[in-house]
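Novice: Please find one structure pasted underneath; my questions will follow.
The values are calculated or read from the model by the stated rules, or taken from the named source; none is laboratory data. Bear in mind the structure is a predicted one, so any value in this text is a computation, not a measurement. Cβ placement follows ideal geometry from the backbone for every residue including glycine, while neighbour counts extend to all protein chains displayed.
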Amino acid sequence: MNINYPAEYEIGDIAFTCIGAALFGQISAASNCWSNHVGVMTPTY
(Lines give C-alpha, C1' and ligand atoms only; values in the text may rest on other atoms or scores of the structure.)
Protein backbone atom coordinates (compact mmCIF):
# COMPACT_ATOMS: atom_id res chain seq x y z
CA MET A 1 0.00 0.00 0.00
CA ASN A 2 1.37 3.38 -0.95
CA ILE A 3 -0.62 6.51 -0.22
CA ASN A 4 0.86 9.85 -1.14
CA TYR A 5 -1.02 12.94 -0.10
CA PRO A 6 -0.06 16.17 1.63
CA ALA A 7 -0.66 16.20 5.34
CA GLU A 8 -0.14 18.76 8.05
CA TYR A 9 0.74 17.04 11.30
CA GLU A 10 0.36 18.62 14.70
CA ILE A 11 2.07 17.82 17.98
CA GLY A 12 0.26 14.91 19.59
CA ASP A 13 -1.04 13.42 16.33
CA ILE A 14 -0.80 9.64 16.11
CA ALA A 15 0.78 8.19 12.97
CA PHE A 16 0.18 4.60 11.88
CA THR A 17 2.80 3.34 9.43
CA CYS A 18 3.99 0.17 7.76
CA ILE A 19 7.69 -0.67 7.86
CA GLY A 20 8.80 -3.09 5.14
CA ALA A 21 11.39 -5.10 7.12
CA ALA A 22 10.65 -8.83 7.50
CA LEU A 23 10.02 -8.74 11.26
CA PHE A 24 7.53 -5.90 10.91
CA GLY A 25 5.82 -7.75 8.05
CA GLN A 26 5.30 -10.69 10.39
CA ILE A 27 3.75 -8.34 12.94
CA SER A 28 1.33 -7.03 10.30
CA ALA A 29 0.37 -10.56 9.27
CA ALA A 30 -0.10 -11.75 12.85
CA SER A 31 -2.28 -8.78 13.76
CA ASN A 32 -4.18 -8.90 10.44
CA CYS A 33 -3.56 -5.18 10.01
CA TRP A 34 -1.67 -3.12 7.43
CA SER A 35 -0.06 -1.03 10.20
CA ASN A 36 2.88 -2.41 12.14
CA HIS A 37 4.33 0.70 13.75
CA VAL A 38 2.76 3.60 15.63
CA GLY A 39 4.28 6.94 16.52
CA VAL A 40 3.28 10.20 18.15
CA MET A 41 4.29 13.55 16.66
CA THR A 42 6.58 15.47 18.98
CA PRO A 43 8.14 18.91 18.61
CA THR A 44 11.62 19.33 17.18
CA TYR A 45 13.66 22.27 18.33
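Novice: Any residue in segment 23-45 that's outside any loop (DSSP other than H, G, I, E, B) and modelled with pLDDT of 85 or more: show its pairings with residues that are surrounded by 12 or more Cβ atoms within 10 Å (Cβ to Cβ) and among the small types (Gly, Ala, Ser) at Cβ separation under 6 Å, as long as the two are six or more apart or on different chains.
Specialist: Gly39/Ala15
Novice: Still on this structure, I have one more. I'm checking my understanding of the structure. Among residues of segment 1-20 that are loosely packed, with under 10 Cβ neighbours inside 10 Å and small (Gly, Ala, Ser), which one is modelled with the highest pLDDT?
Specialist: Per the criteria, the residue is Gly12.
Novice: Quick one: how many residues across segment 25-45 are of a type in the set (S, T, N, Q) and over 25 Å from Ile11 (Cβ atoms)?
Specialist: 4
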